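Accompanying notes for the structure given below.
Read-outs: derived from the displayed coordinates by stated rules, not from any lab. None of the values given here were measured: they were computed from a predicted structure. FYI the Cβ positions are ideal-geometry reconstructions off the backbone, even for glycines, and counts take in every protein chain you see.
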Amino acid sequence: MLKIGDFAKRSGVSVKTLRYYDELGLLKPARVDERSGYRYYSADQLLTIKRIAYFKEEGFTLEQIRTFLNEDTSSPGVKTALFSKHSELKNAIHEAQRQLDEINERINQLSDIKSLDEVSQITVRSEPSVLVASLRDQIPMDSLCLLLDEIKQYVRKHGENENHPLTVLWHQRNPENDLVDVEVAIPLSKPIPEIGKVRVNWLPAIQRAASLVHACNPYALYCPKISHVQAWMISNGYLQSPQEAIREIIMTPDKNMYGRLQMAELLIPIQAESTIFP
């Protein structure tokens, strides 16, 4: 007979673990001294410890292992348990492969996204019309994220991709009550129903706009780069179009956002008759 400490050293299993196995009925001592309470193990129980280790390496739970150690365990019962673990592991492999594919997709996307430290030059470009689901409301300064979340949930509910580049249109700010008239829009592959405040229409094209790709907090209600682009427009002889809303296109979805900043493109429409200085 081996005392629990000696048995622990020979088996490579801690005394604490042996006591836990005893509580579970997984491996009870061969004998317990009634007066001292010392646990004693027989040499052949070293084989049982090794069998437990083998089963644990294969991913079986202690409850499952206890079934395997029972003397009355039948071959059909063992076979059923093995097939169950086989199916469980296949599902785990499938899920791990799905996660691996998503990680690979993230890695590939990073190579296509400009570094947050890279400062883009202001350019002039056009923006085509696009079919969108949009939601417009007058909201407090800190509620843009709620509006964004609402339109994303809506398009997802109707089978559309919520991760398409999302456009924020700044219409007008009311200085009296600190509310801003803002609209959020997500491109659609096909028309979907309009319910409540959600509208499905073609977002108007922009013939010319000053464009700046920059690092931005997409959930902030005001883009600090607006004044920077407006100053550039003035210095270059461009007039801002008063009839068209300033737009900010969030270029990558929330799932690919690292930290608090994300790449976004600011578009300030240019008045048709304005010209650049010679």
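In nm, to one decimal, how far is the Val32 label point from the Thr67 one, both placed 7 Å along Cα→Cβ?
The answer from the label model is 2.7 nm.
Determine by what factor the alpha-carbon radius of gyration of segment 1-140 differs from 2.2 N^0.38 Å, reporting the quotient.
2.04
Considering only DSSP states other than H, G, I, E and B, which GluC sites (Glu not before Pro) in segment 4-111 qualify as loop sites with at most 14 other Cβ atoms within 10 Å?
Within segment 4-111, the qualifying GluC sites (Glu not before Pro) (loop, at most 14 other Cβ atoms within 10 Å) are Glu34, Glu58, Glu71.
Tell me, Kirkwood radius of the chain from alpha-carbon pair distances, in Å?
24.7 Å
Which of the three applies to segment 190-265, rounded, prolate or oblate, going by the alpha-carbon gyration tensor with a ≥ b ≥ c and a/c under 1.5 meaning rounded?
Since a/c reaches 1.5 but b/c is at least a/b, the shape of segment 190-265 is classed as oblate.
At 0.36 nm per residue, minus the direct Cα-Cα distance, what do Asp137 and Trp202 gain on full extension? Give it in nm, one decimal, please.
The span from Asp137 to Trp202 would gain 21.6 nm if fully extended.
Which of the trypsin sites (Lys or Arg not before Pro) across segment 24-92 are loop residues per DSSP, with 11 or fewer other Cβ within 10 Å?
Arg35
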